[in-house]
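Colleague: Below: one structure in structure tokens.
The values are calculated or read from the model by the stated rules, or taken from the named source; none is laboratory data. Keep in mind that this is a model prediction, so the values were computed, not measured. Counting neighbours? That spans all protein chains shown, and the Cβs are built from the backbone with ideal geometry, glycine included.
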Amino acid sequence: MKLGCTRLAFVAALAASCALTIPAIAQSAAGPQVTQTINPAQLSVLAGNTRPEAVPANDRGRAADSLVLENIQLQLKRPAVLEQAFESAIDQMYLRTSPSFHHWMTAAQIGAQFGPNEQDVQTVAHWLTSHGFQVNEVYPSRMLIDFSGTAGQVRNTFATEIHNLQVNGVRHIANMSDPKIPTALAPVIAGIVSLHDFKPNSMRKPRANYTYGNASSRTYALVPGDLETIYNLTPLYTAGITGKGETIVTVEDTNLFTTADYTKFRSEFGLTAYTSGSLTTVHPAPVSGKSNCTNPGVPAGGDDGEAALDVEYASAAAPNATIELASCKDTATFGGLIAIENFVSAASHPTIISMSYGECEAENGAGSNAAFYSTFQQAAAEGVSVFVSAGDENAASCDADLKKATHGIGISGWASTPYNVAVGGTDFGDTFAGTNASYWNTKNTTTFGSAKSYINEIPWNDSCASVLITTFNGSTVPYGTTGFCNTANGEANYLEVAGGSGGPSGCATGAPAKAGIVGGTCAGYAKPSWQTGLLGNPTDGVRDIPDVSLFAANGAWDHYYVYCWSDTAQGGTTCAGAPSGWAGAGGTSFSSPIMAGIQALVQQKTGAAQGNPNPVYYALAATEYGATGSTGCNSSKGKSVASTCIFYDVTQGDMDVNCTGKVDCYLPSGKNGVLSTSDTAYKPAYGTGTGWDYATGIGSVNAYNLVNAWP
């Protein structure tokens, strides 16, 4: 599409004065929201759109005006009345008694019926081109404009400077203040998705070596055969429910180091017997056919390890499915987000997507949070099931990859929308209980599996704040001068912000008063109706995550995943010899594509796209747990758990993490405290409980029962 006018008289009737070649689509119910002349002297701030790293201490000076920023994205918004109407329309699509049940929409239909007024969208696009920007794509939903320009144009247009930064020895660029827009355009602009090159966290935790007070002598690592046994996939495969005919998309900002790793993984673990299983790599173009999705190759940083495990374990769960790795190069916008946006805007597309990256709500920024909300909302209206890793930082997602929590409680803004499944992480409780021999055979099968049955689960948690780790190492409590987090063993081995994530949405909108800390004008997403009333879920009025969980640990209790990633230059291991020498890792990066694979089995069985699975998950869980919980489905029963369970209720352990500081940190004495909902009392964030809890959500799944109970 071509957008151009050299001079624009920014008034409501602007569109008629310029020659546009925007494809004609039906007018939405929204009248024009841009009703005033654009005055560059009257500006409104797009609050909450500055990275916390953009501070004087990291500043290395203004970037050259000629610096090009590709694929900047302007997130638009529809009028409040239309937003409510769209949300209601989506609710009807998931109500079995509604005439609209599963009557999915296309992106163009969403734009025509629920998008901002076309004239307003054109006005914004022309405003960008008048400042020299190149408009790459106006998406058919009318909710997003992709454009490119220079740092000088950004400064002149958005009244913020792009500076060079150096953070922990790494060079970056970012805007140093919140961008501004003409007040006349404020009714239709939600924010800028990104004006920096900071990348999200990959939810992959390499296997770590741990030293216990009474060290375990064996390791019980997971391979596809174990996954099949533990989560009861075998009878589905026997019945021919293998994912055949279904496609699972994993979104990345990299290609695989080599597709030979995927082939080796499937061959070594017996998956080649499922002859329909395949892998393709695509770089999805937007509707216009122009390219805002460049082939990323394999950039430095190790994200190709993330891509490897995503495709391998999606295939492990649905071995006859087509796995489609969708990758776009990182620009001013994360390549994986561009891939999803292009997919859901296409006329036809796969209906299962998994994403294993994230960023905490309070650091992701209001514009980026709005982009994920809008994109996943559109996906839900189109019948697309979106699975997102809940996070690998316990309840401290703003302290990802650190040794201590300092920013208090926070969750991933990429996983917290009401329109995706947030997949959390568990570990197995057999090492803590001393029952390894009850659950693992002494010899592997020919495909290296050794699990005997379902195994009791606990939250994945590597921190000294874990009550189970504290107890196992001979301490009474994790906090205080003599608590485990302040012992030599605890400090040396277990000061970790690493574990399955969960918590309440707290800063999905608005802006924090202090960088990375929920506060200021922050607010969480409203609690969706399907999450209300489930036993254990709090009456807090906001969206809570995770929804479901699967094993995701990286070795603290002798369990982790084995996968093939041969990029030795970036941390991989040659996939020669026995898999015991291959790469090992954990993280909700694994649990998300596995749940996506299970959803492919659901779709094969039902013969139709199901959209957002959460309404069904929660309805099934409400029946199973009732008002008091299900004793038979308590995960702590391990192999004695009832055969009829759809979900396994994880009730032992917690995902509490060590902390310092004065934000959500109980630190009565000593150097290290524990993350708590109170600063003056020990209220760990968070423990398990009957029914839903922040540590594991509904719990984990019996795949056979889930697929066969699907309405």
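Colleague: If you scan segment 33-81, which residues turn out to be buried (at least 19 other Cβ atoms within 10 Å of the Cβ), within 21 Å of residue 376 (Cα to Cα) and either aliphatic (A, V, I, L, M) or touching a His at 6+ places or on another chain (Cβ under 6 Å) (or both)?
Modeller: 72, 74, 76
Colleague: Filter segment 652-673 for residues that are in contact with a helix residue (DSSP H, G or I) (Cβ under 7 Å, 6 or more places away or on another chain) and either buried (at least 23 other Cβ atoms within 10 Å of the Cβ) or in a strand (DSSP E or B) (or both) and give the result.
Modeller: Hits for segment 652-673 are 653, 654, 658, 672.
A quick yes/no check of all residues on (1) assigned by TED's automatic domain parsing to the domain that holds residue 647; (2) touching a Ser or Thr at 6+ places or on another chain (Cβ under 9 Å); (3) under 18 Å from residue 692 (Cβ atoms):
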position: 472; (1), (2), (3): no, yes, no
position: 482; (1), (2), (3): no, yes, no
position: 510; (1), (2), (3): yes, yes, no
position: 514; (1), (2), (3): yes, no, no
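Colleague: Would you pick out the residues in segment 29-49 that are of a type outside the set (S, T, N, Q), within 18 Å of residue 370 (Cα to Cα) and assigned to a loop (DSSP other than H, G, I, E, B)?
Modeller: Within segment 29-49, 46, 47, 48 qualify.
Colleague: Another question, then. Confirm whether residue 329 is part of a loop (DSSP other than H, G, I, E, B) and over 30 Å from residue 579 (Cβ atoms).
Modeller: Answer is yes for this residue.
Colleague: Here's something else I'd like to know. Taking residue 250 as the residue in question, decide whether it is under 20 Å from residue 596 (Cβ atoms), touching an Asp or Glu at 6+ places or on another chain (Cβ under 6 Å) and among the hydroxyl-bearing types (Ser, Thr, Tyr).
Modeller: Yes.
Colleague: Same structure again: For segment 252-273, does any single residue satisfy the condition of being closer than 21 Å to residue 349 by Cα, assigned by TED's automatic domain parsing to the domain that holds residue 587 and of a type in the set (D, E, K, R)?
Modeller: Yes; the residues of segment 252-273 include at least one that is closer than 21 Å to residue 349 by Cα, assigned by TED's automatic domain parsing to the domain that holds residue 587 and of a type in the set (D, E, K, R).
Colleague: Spot the failing condition for residue 402; the list is (1) part of a loop (DSSP other than H, G, I, E, B); (2) buried (at least 24 other Cβ atoms within 10 Å of the Cβ); (3) not charged (D, E, K, R), and only one is missed.
Modeller: (2)
Colleague: Taking the criterion of being more than 30 Å from residue 271 (Cβ to Cβ) and aromatic (Phe, Trp, Tyr), would at least one residue in segment 449-458 satisfy it?
Modeller: no
Colleague: Moving to a separate point now. Kindly indicate the residue of segment 451-465 that is buried (at least 24 other Cβ atoms within 10 Å of the Cβ) and either assigned to a strand (DSSP E or B) or among the polar types (S, T, N, Q) (or both) and also farthest from the chain's Cα centre (by Cα) among those meeting that condition.
Modeller: Per the criteria, the residue is 456.
Colleague: Go through (1) under 26 Å from the mean Cα position of the chain (by Cα); (2) modelled with pLDDT of 95 or more and name the single condition residue 430 misses.
Modeller: Of (1) under 26 Å from the mean Cα position of the chain (by Cα); (2) modelled with pLDDT of 95 or more, only one is false for residue 430: (1).
Colleague: Which of the helices (runs of 4 or more DSSP H) contained wholly in segment 86-198 include at least 2 residues that are surrounded by 22 or more Cβ atoms within 10 Å (Cβ to Cβ) and over 28 Å from the mean Cα position of the chain (by Cα)?
Modeller: 118-130, 151-158
Colleague: Within segment 258-316, work out how many residues are in a loop (DSSP other than H, G, I, E, B) and among the charged types (D, E, K, R).
Modeller: Of the residues in segment 258-316, 1 are in a loop (DSSP other than H, G, I, E, B) and among the charged types (D, E, K, R).
Colleague: Still on this structure, I have one more. From the list 347, 326, which residue is modelled with pLDDT under 95, over 21 Å from residue 236 (Cβ atoms) and not polar (S, T, N, Q)?
Modeller: One residue alone meets the criteria, 347.
Colleague: Okay, moving on. Give just the number: which of (1) under 30 Å from residue 542 (Cβ atoms); (2) surrounded by fewer than 24 Cβ atoms within 10 Å (Cβ to Cβ); (3) in the same structural domain as residue 541 (by TED's automatic domain parsing); (4) not β-branched (Val, Ile, Thr) does residue 468 not satisfy?
Modeller: (3)
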